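Presented below is the structure to which this report refers.
We did not get these values from a lab; they are worked out from the coordinates using the rules stated. Just so we're clear, the structure is a prediction, and the values are computed from it rather than from any experiment. Neighbour counts are summed over all protein chains in view; Cβ atoms, including those assigned to glycine, are modelled from backbone coordinates with ideal geometry.
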């Protein structure tokens, strides 16, 4: 039953000049799950993300979203379908205010984004919804701040608020806790848990503590190919995974 | 745009200026100010450095000049036609160039502009090296005689204010909001579902049209359309004006244009006339090294630091 899967890839392959970055990856992302994509550095996790959102074009293979083939669609069109991604480095608009960041996302559905002859005051009607979204990620007090002045953790929270503004069916989060201190990691992890209600999340994550806490399903990539899949217990018990991945990150497992 | 006391004072100054300064010089400043503002829309608010913007200035000028000489069109229609021609060219060139980024975008715009430079040099109706000379200014709406410098000045001022208002509106519009988002983080704008190239293209067309408007108006002021206006020197000069004044600020390009035109005018009369390029070069170096946000940008910083 493919309807249970929000997103499926079939035999996805990406080759760069003589080097196969993504090798025959067939993913199935079940609706409502938090699905984690893990693996050692260079395993191809971010490349898979780029393929799913068409920031890169697959060499071969198919991507299905709700059973429809979206392999040939453009990045922006895929986003409009409801697959919205984040980036490894915080994806915010630094010189816009925090409120404006969220409004840029809300604005899309207004259909006025080409109206250069109108005053931007007509966007003020989106402010209530934008503030609501900011409050949901704990940024209510920062609405008027310039985004460039926010701390790293808050930028990531803002990014999630902006993504939520699009009400995506599927959120793709690329290392949402990368480069964060302990407190921030917990804040963001809780935030992801909270926003995962009613939607599906696919995340690349290095922090296994976060993965064990959040993920319903885990896919382990190694050298571009799927090594194994399953829940945290299954995956972490797999000796091949321990060798390929957990071995180098044993500290994090204990933590 | 908010009508503040500051703007009213500026408008008042602009209205009495022709009684203090030579009107033709002021008109030149206004035309270049509009040109620089149009350029700044791309550089300052979308982050696109076009290195061929003179082509739109020149195309507007040549088309208006040709029509005024050969068809007896009234000046407002002549200017409209020149602006439309620049917009059309911008639509075409924009489609070809906005797919590229950074230095590649600059090079593509330069190459396309050079293409048109040779058209204007070789085509039978452009007067070759001489350009189009003795273009009549005509009667505005068939009524107001523009050969009178004072009439012409107020007309140019009105054209400038319209262009300046439109750029302001564009910057502070729902569309402008998306442009700024693209400038700040293009992949993110894409991931939010915006086809960024379409927005860049639209901004490119608006900028080209307004550059054409500046060129058309300038042609009427000097009654001349020449290769100088399509030459890549001119494309470089508008970069200088914008950076000197402060890119990404509303008034920066106006100040930059006034300073550059003012200096050129001042020097060309004196013994230093031969060194004008060297002196402009030195100013540019000082600007890049010492005050990168430009004159207006630096003033804004000081105001913010002390009164903000």
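In whole percent, what relative contact order does chain B give with Cα contacts below 8 Å and a gap of six or more residues?
Value for chain B: 32 percent.
Hey, what's the Cα Rg ratio for segment B:61-157 versus the globular rule of thumb, 2.2 N^0.38 Å?
On the way: Rg = 16.4 Å, N = 97, 2.2 N^0.38 = 12.5 Å.
Computed over Cα atoms of segment B:61-157, the ratio equals 1.31.
Helix A:182-195 against the longest principal axis of chain A: what's the angle in degrees, Cα atoms only, rounded to the nearest 10?
80 degrees
Once the mean 1/r over all distinct Cα pairs of segment A:177-229 is inverted, what Kirkwood radius in angstroms do you read off?
12.2 Å
How much of the DSSP beta bridge set in the protein assembly as shown is antiparallel, as a percent to the nearest 5?
Antiparallel bridges make up about 60 percent of those DSSP assigns within the protein assembly as shown.
Can you check what the Kirkwood hydrodynamic radius comes to for segment B:114-174, Cα pairs only, in Å to one decimal?
By the Kirkwood definition, the hydrodynamic radius is 14.7 Å.
How are the alpha carbon pair distances in segment B:226-294 distributed across 5 Å bins from zero to the largest one, expressed in percent?
Here the calculated profile for segment B:226-294 is 4, 17, 24, 27, 19, 8, 2, 0.
Write down Rg/Rh for segment B:22-231, rounded to two decimals, with Rg from the C-alpha atoms and Rh from the Kirkwood relation over Cα pairs. Before the final figure, lay out each step's value.
Values: Rg = 17.3 Å, Rh = 17.2 Å.
That ratio is 1.00, to two decimals.
Could you order the peptides B:178-187, B:209-218, A:192-201 from most to least packed, using the average number of other C-beta atoms within 10 Å per residue?
B:209-218, B:178-187, A:192-201
In peptide B:178-186, how many Cβ atoms from other protein chains are near each Cβ within 10 Å, on average? Intermediate results must be reported in sequence, preceding the final value.
Numbers: counts 7, 2, 5, 11, 2, 3, 10, 12, 0.
Mean shielding by partner chains, rounded to a whole number: 6.
Order these peptides, B:280-292, A:82-94, by their mean beta-carbon neighbour count within 10 angstrom, highest first.
Top of the packing list down: A:82-94, B:280-292.
Show log10 I(q)/I(0) for segment A:94-149 at q = 0.13, 0.14, 0.16, 0.29 Å⁻¹, two decimals, from a solvent-free Debye sum over equal Cα scatterers.
Debye output, listed in q order: -0.32, -0.37, -0.48, -1.20.
Just tell me how shielded B:200-206 is by partners: mean number of partner chain Cβ atoms within 10 Å of each residue's Cβ, no decimals.
1
How much mean residue ellipticity at 222 nm does the protein assembly as shown get from its helices, if each DSSP H run of length 4 or more adds -39500 (n - 2.57) and you divide by all residues, to the nearest 500 deg cm²/dmol?
Details: 23 runs with 311 residues, N = 563.
Taken over the protein assembly as shown, the calculation gives -17500 deg cm²/dmol.
With the cut-off at 1.5 for a/c, could you classify segment A:1-149 from its C-alpha gyration tensor as rounded, prolate or oblate?
The shape class here is prolate.
Give me the Kirkwood hydrodynamic radius of chain A in Å, from all C-alpha pairs, to one decimal place?
Evaluated over chain A, this radius sits at 19.0 Å.
To the nearest 10 degrees, how steep is helix A:152-165 against the longest Cα principal axis of chain A, on a 0 to 90 scale?
80 degrees
I need the shape label for segment A:141-255. Rule: rounded when a/c is under 1.5, else prolate if a/b > b/c, else oblate, with a, b, c from the alpha carbon gyration tensor.
Since a/c reaches 1.5 and a/b is larger than b/c, the shape of segment A:141-255 is classed as prolate.
Quick one: if you stick a label point 7 Å off each Cα along the C-beta vector at residue A:31 and residue B:19, how many nm between them?
For the pair residue A:31/residue B:19, the computed spacing is 7.6 nm.
How many percent of all Cα-Cα pairs in the protein assembly as shown sit more than 31 Å apart? Walk me through the numbers on the way to the answer.
Working: 88093 of 158203 pairs.
Tail of the P(r) past 31 Å holds 56 percent of the pairs.
Please work out the Cα center distance from segment A:4-58 to segment A:182-229, rounded to the nearest Å.
Cα centroid to Cα centroid, the span is 15 Å.
Please determine, in degrees from 0 to 90 and to the nearest 10, the orientation of helix A:98-107 with respect to the longest principal axis defined by the Cα atoms of chain A, where the helix direction is its Cα long axis.
So the inclination is approximately 80 degrees.
Apply the Debye scattering formula to segment B:148-221, with a single equal point scatterer on each alpha-carbon and no solvent, then give log10 I(q)/I(0) at q = 0.14, 0.20 Å⁻¹.
Each listed q maps to, in turn, -0.55, -0.84.
If packing is taken as the average number of other Cβ atoms within 10 Å across a peptide's residues, how do A:18-26, B:224-232 rank, most packed first?
The packing order, highest mean first, is B:224-232, A:18-26.
Work out the mean other chain Cβ neighbour count within 10 Å for the residues of B:162-175 and drop it here as an integer.
Mean shielding count: 4.
Return an integer: the convex hull volume of the alpha-carbon atoms of segment A:23-97, in Å³ per residue.
Looking at segment A:23-97, the number lands at 136 Å³ per residue.
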